[in-house]
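Here's the structure, in structure tokens; my notes come after.
The values are calculated or read from the model by the stated rules, or taken from the named source; none is laboratory data. Just so it is clear, the model here is predicted, and its values are computed rather than measured. Counting neighbours? That spans all protein chains shown, and the Cβs are built from the backbone with ideal geometry, glycine included. These area figures cover heavy atoms from the full protein model, side chains too; ligands, DNA and RNA do not enter into them. Shrake-Rupley method; radii C 1.70, N 1.55, O 1.52, S 1.80 Å.
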Amino acid sequence: MAAPEEQELSQAQTEKLLQFQDLTGLESMDQCRRTLEQHNWNIEAAVQDRLNEQEGVPSVFNPPPTRPLQVNTADHRVYSYIVSRTQPSGLLGWSYYLIMLPFRFTYYTLLDIFRFALSFIRPDPRGRVTDPVGDVVSFIHIFQEKYGRSHPVFYQGTYSQALNDAKRELRFLLVYLHGDDHQDTDDFCRNTLCTEEVLTFINTRMLFWACSTSKPEGYRVSQALRENAYPFLAMIVLKDRKMTVVGRLEGLIQPEDLINQLTFIMEANQPFLTSERLEREERNQTQVLRQQQDEAYLESLRADQEKERKRRAEQEQRRQEEELARQSVLAEERRRRTLEEEKERKSECLPPEPPLDDPDGVKIVFKLPNDSRVERRFLFTQSLTVIHDFLFSLKETPEKFQIVTNFPRRVLPCLPTEEEPQPPTLKEAGLSRSEVLFVQDLTDD
């Protein structure tokens, strides 16, 4: 079965897609499109969620396992300010109040009974949070359509993400739970929350998160904060290393009174933020100092390692030099033994010295390089090689040498060559019955 083709984008969606890519730096168009589709093409919510992911906050579409919201609501020192409804005045007002009281009591009692019975038949759908960012964004759109765009800046993210940002930035977080059906909600939004002085105060002093309790995300926060009346505001701040509710404002409150109450709560809890800020700076300084110490230690360690490497390299070089010298000595010893063995072999292979009265005898006196003299008799018919072998077999003779006549001076060809593979005999070489030959050392040549 072929996969369904993707729906073509409109011009507005294409512009949002390109704008989202520019803002986030994502290269994959498919990923950009999936992210925008998850946020119903709300570019502000999609960018906010992407930035939260880059800061280490999990995406609402890849949430961690569900766990209770980590906010301390058990502090008995929470400041509470409850605004009671204005009591009726005058005969007409009290008469209307008393007449409507039974009807209101009956209505709300029956409504509670109906909701209680309905909960057994069909569980409250608000109990399942599947798209928390979508819940917040949807509430913001509905709020703007009804009350306009002149309002405090809403945090476009989940409640958990707002808590994380407030904790990281050491800021106050004001939470507003919107009761759609409450009789005071409309008055509060129009005449308090959206006034110029209130929105300016909130925008410059704190983060502001809001959601309707009719949305799963708002309902979940409502269960965590346990509000008693609407409109409901909660001030949350980092206190004793926990995000703690430090103030609760319930009921229809006027703009000036709201600013005064929020200011009082902030001034009362500012020392906790100051203390936490100092602790963070101290931790950062300690971390920097530890990092500097670690870097100094690593630098010292690298220096020691470099010294050890050089020492080992020098040791290895000395070892190699000693081994080379030892191998050289061994090679020289092998060469010397080989030379001695060769001299001994040559000596054993020499023909016997002819007698003094042999008519073909030749008497030769050899003058060696060390100025010593050696005398021996040979035969005219013997090759010059025999003379060379005799001299080679002597201990006093150098390893390489040549035999030279005195006058006229010439070198006797005692060894075979390519031109003359068979050296001449003594007679062919022109030697007389008595000769003096010089042995010339060629070892250094």
Within segment 383-407, which residues have the backbone N less than 18 Å from the label spot 7 Å out from Glu340 along Cα→beta-carbon, could you tell me? 392-400
Given N residues in segment 254-357, what is Rg(Cα) / (2.2 N^0.38 Å)? 3.41
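Looking at the square roots a ≥ b ≥ c of the eigenvalues of the Cα gyration tensor of segment 350-432, which shape do they give, rounded for a/c under 1.5, prolate if a/b is larger than b/c, or oblate?
Details: a/c = 1.39, a/b = 1.03, b/c = 1.34.
Rounded is the answer for segment 350-432, as its axis ratio a/c remains below 1.5.
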Charge tally for neighbours of Phe201 with beta carbon under 15 Å away, counting Lys, Arg as +1 and Asp, Glu as -1, is -3
Determine the order of Arg309, Arg283 by accessible area, beginning with the largest, at a probe radius of 1.4 Å. Arg309, Arg283
The local net charge around Phe143, scoring Lys/Arg +1 and Asp/Glu -1 for residues other than Phe143 whose Cβ lies under 12 Å from its Cβ, equals +1
Any idea what diffusion coefficient segment 158-269 gets from Stokes-Einstein, in µm²/s, Kirkwood Rh on alpha carbon pairs, 20 °C, 1.002 mPa s? 151 µm²/s
Return the distance in nm (one decimal) between the two label points of a simple spin-label model at Val404 and Glu37, each offset 7 Å from Cα along Cα→Cβ. 10.2 nm
Under the rule of at least 5 residues apart or a separate chain, name every residue whose amide H is placed under 5 Å from the amide H of Val246. Met235, Ile236, Val237
Past 19 Å, Cα to Cα, is the threshold; run Lys343/Lys400; Lys167/Lys242; Lys16/Lys215; Lys363/Lys395 against it and keep the listed order. Lys16/Lys215; Lys363/Lys395
Between Ala303 and Arg326, take the C-beta separation as r, use R0 = 25 Å, and let me know the FRET efficiency to the nearest 0.05. 0.15
Please report, for the Cα atoms of segment 203-289, the Rg to one decimal and the Dmax as a whole number; what are they, in angstrom? 16.0, 52
Rounded, prolate or oblate for segment 134-200? Axes are the square roots of the Cα gyration tensor eigenvalues, ordered a ≥ b ≥ c, and the cut-off for rounded is a/c under 1.5. prolate
